Amino acid sequence: MQLMLTFFRAYPGQTVVMLVALLMAGVAEGIGLSALLPLLNIAIKNDARQGGDTQTEPPQNEFEQVVTDTLKDLGIHPGIGVLLAIIVLGATLKNLLLLVAQKQVGYTAARVATDLRLEILRAVLRSKWEYFLHQPIGRLTNSLATEAQRSSDSFVNGAMVVTLILQAIIYGAVAVAVSWKATLISLTAGMLIIGVSHFMVRMARKAGKKQTNLLISLLSKVTDTLQSVKPLKAMAREHLADTVLAMKTSKLNKALRKQVFSTAVLKASQEEMFTIVIALGMFVALVKFEMPLATVMVLVVVLGKMLSQLGKVQKQYQKLVLGESAFWSLKKGIQEAQQAEESFSTGTVPALEQSVRLDAVSFSYDQHMVLTDANLEFPAGRLTTLIGPSGSGKTTIVDLVIGLLRPQSGKVCIDGIPLAELDLKAWRHMIGYVPQETLLLHDSILHNVTLDDPELSEQDAVQALRAAGAWEFVSRIPAGIHSTVGERGTKLSGGQRQRIMIARALVHKPRLLILDEATSALDPENAAAIGKTMEDLRGRLTILAISHQTAMVENADRVYRLHEGGVSLHENSKLA
């Protein structure tokens, strides 16, 4: 029950309300049950009188005597109508209080899922870039979708366990008041049955753990596969992805079958064994001990309910352990991300009035040296272009400038001040970044430019579109800036999509604009148009571009060529 203790510590107020409501519901039901034995005895005695039996009435059960005496002390005559009213009132109060408790459980369960999703999302977004690079997107998708929901379901099942335990205790208390010996025997038999069938709970726990691991792997594969569907279909190789996914889905299906089997066997075996115990107990009570019929009937009701609730406790606990591994997997992911949280210094706010400079910077990925004592300077208000073969360190330089990566040696300086001494978050607010991939959302052009930032208006978006050279084609679209771009921007051409991305980078008026291979997928005409846009922006902001396009190189004030960890500078070059 460590999982439930964790939930209770996280939501103490909701837990107290739930437990109080459940306890009061149990007490209400206990009061109602206490009227059952006197009611049956009165009915039997009335029937005996109508049949002409004038013998002395048998002595009442001690519990029955206590109930009737209590009612008389309160000035209430214990007749059939009164006792039925007590039973109905007890059931009504119980149901109302259970409604309060279940509503609280439902609200808290929804909050559990929401809080876990926000916690994992915030932890991952705040983590260091190196940590994020090593995380499969499918794992985060699985955490947000399945693990959070399974954790929420486990909370509901755990709350049901607590509910059923409290109800079993109330039924047991009434049964003890009627006959403690019969209660002890029944409780012992019930514990033996639960102990014998507990191996099904262990089977469910193993199946749940396997499901958690398989879902992480499967969703990671599915995410990667869906991102590369087009090339797979283009080469008629989609069957390869189908084979891999089918194998993992088959393993998941086996784990689900074990879950279904263990649940079904537990339910069937428990009901059979409890029925045998109750039937055997009735036989012994009526034949061997010759107990009064009314007493036996009450014991059958309350002990039957007690054993039934204990059985349900085990079944709900089985459901709890099925999702338990998802919660711990999710918490492990959160803790790992939190341990890799990126720290932000609260130093000087940068201005970028002179230059961005890398002084003797060295950087390596897993012992593979990418930059060795590299010296570069990007003058403020100028266009600087980085060229070089793949893997030469161009994107690494950009990530170092942004502060996503930290150099192993050397330093990155803004206006001569090391980046480590600056307010990093303030520095990033000054950057507009355009990636190689056109990551447009299936929404309006306005939303894609502003990303619904409340500080940005439609006029800000229009100005950014004008600066990016996109307003001409946007204004010709019937719905204009409110037009939907389609899935990943498929309603627009490649050049149009890229200009929307540039507008998104410009809308918050950055001081530094970074183009990370932003023109690599464009034809020469569109690339030249983007180059002309950058030339128009030069002087208003500093531009750092990674590109091999002729226009971006010819229009650059400064070009750095990277090769095998080294850097060479070309001032005002015209390189093809």
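For this structure, a couple of remarks:
- Hey, Leu330 within 30 Å of Ile417 (Cα to Cα) and outside any strand (DSSP E or B) or not: no
- Only one of the numbered conditions (1) under 22 Å from Gln167 (Cβ atoms); (2) without any contact (Cβ under 8 Å) to a residue 40 or more places away in the chain is violated by Val298, and that is (2).
- Residue match in region 377-394 (condition: closer than 24 Å to Met501 by Cα, part of a loop (DSSP other than H, G, I, E, B), among the polar types (S, T, N, Q) and assigned by TED's automatic domain parsing to the domain that holds Ala545): yes
- Members of region 469-508 that are without any contact (Cβ under 8 Å) to a residue 40 or more places away in the chain and at positive phi: Gly480
- Of the candidates Leu97, Leu118, the single residue that is surrounded by 16 or more Cβ atoms within 10 Å (Cβ to Cβ) and either over 11 Å from the mean Cα position of the chain (by Cα) or free of Cβ contacts under 8 Å to residues at least 40 places away in the same chain (or both) is Leu97.
- Only listed residue being out of contact with any strand residue (DSSP E or B) (no Cβ under 6 Å at 6 or more places or on another chain), of a type in the set (Lys, Arg) and in contact (Cβ under 8 Å) with a residue 24 or more places away in the chain, chosen from Arg357, Arg382: Arg382
- Checking the stated criteria, Ser343 turns out not to satisfy the condition of being under 14 Å from Ile193 (Cβ atoms), of a type outside the set (A, V, I, L, M, F, W, C) and free of Cβ contacts under 8 Å to residues at least 40 places away in the same chain.
- Residue pairs meeting the criteria (Cβ under 7 Å; at least 6 apart or on separate chains; first closer than 20 Å to Pro12 by Cα, in region 149-178; second among the acidic types (Asp, Glu) and part of a helix (DSSP H, G or I)): Ser154/Glu324
- Each residue in region 406-428 was checked for being closer than 30 Å to His482 by Cα and either among the hydroxyl-bearing types (Ser, Thr, Tyr) or at pLDDT 90 or above (or both), and 0 pass.
- Candidates are the residues of region 556-575 that are surrounded by fewer than 13 Cβ atoms within 10 Å (Cβ to Cβ) and not polar (S, T, N, Q); the one that is modelled with the highest pLDDT is His563.
- Of all residues in region 478-496, exactly one satisfies the criterion of being within 32 Å of the chain's Cα centre (by Cα), part of a helix (DSSP H, G or I) and surrounded by 15 or more Cβ atoms within 10 Å (Cβ to Cβ), namely Gly489.
- Within region 333-361, the set of residues being of a type outside the set (Lys, Arg), surrounded by 15 or more Cβ atoms within 10 Å (Cβ to Cβ), touching an Asp or Glu at 6+ places or on another chain (Cβ under 6 Å) and not in a loop (DSSP other than H, G, I, E, B) comprises Ile334, Ser355.
- Test for Glu290: is it outside any helix (DSSP H, G or I) and not hydrophobic (A, V, I, L, M, F, W, C): yes
- Yes/no for Leu404 being among the hydrophobic types (A, V, I, L, M, F, W, C), assigned by TED's automatic domain parsing to the domain that holds Arg466 and either in contact with a Phe, Trp or Tyr (Cβ under 7 Å, 6 or more places away or on another chain) or exposed (fewer than 15 other Cβ atoms within 10 Å of the Cβ) (or both): yes
The values are calculated or read from the model by the stated rules, or taken from the named source; none is laboratory data. Just so we're clear, the structure is a prediction, and the values are computed from it rather than from any experiment. Reconstructed Cβ throughout: ideal geometry from the backbone, glycine too, with neighbour counts over all protein chains shown.
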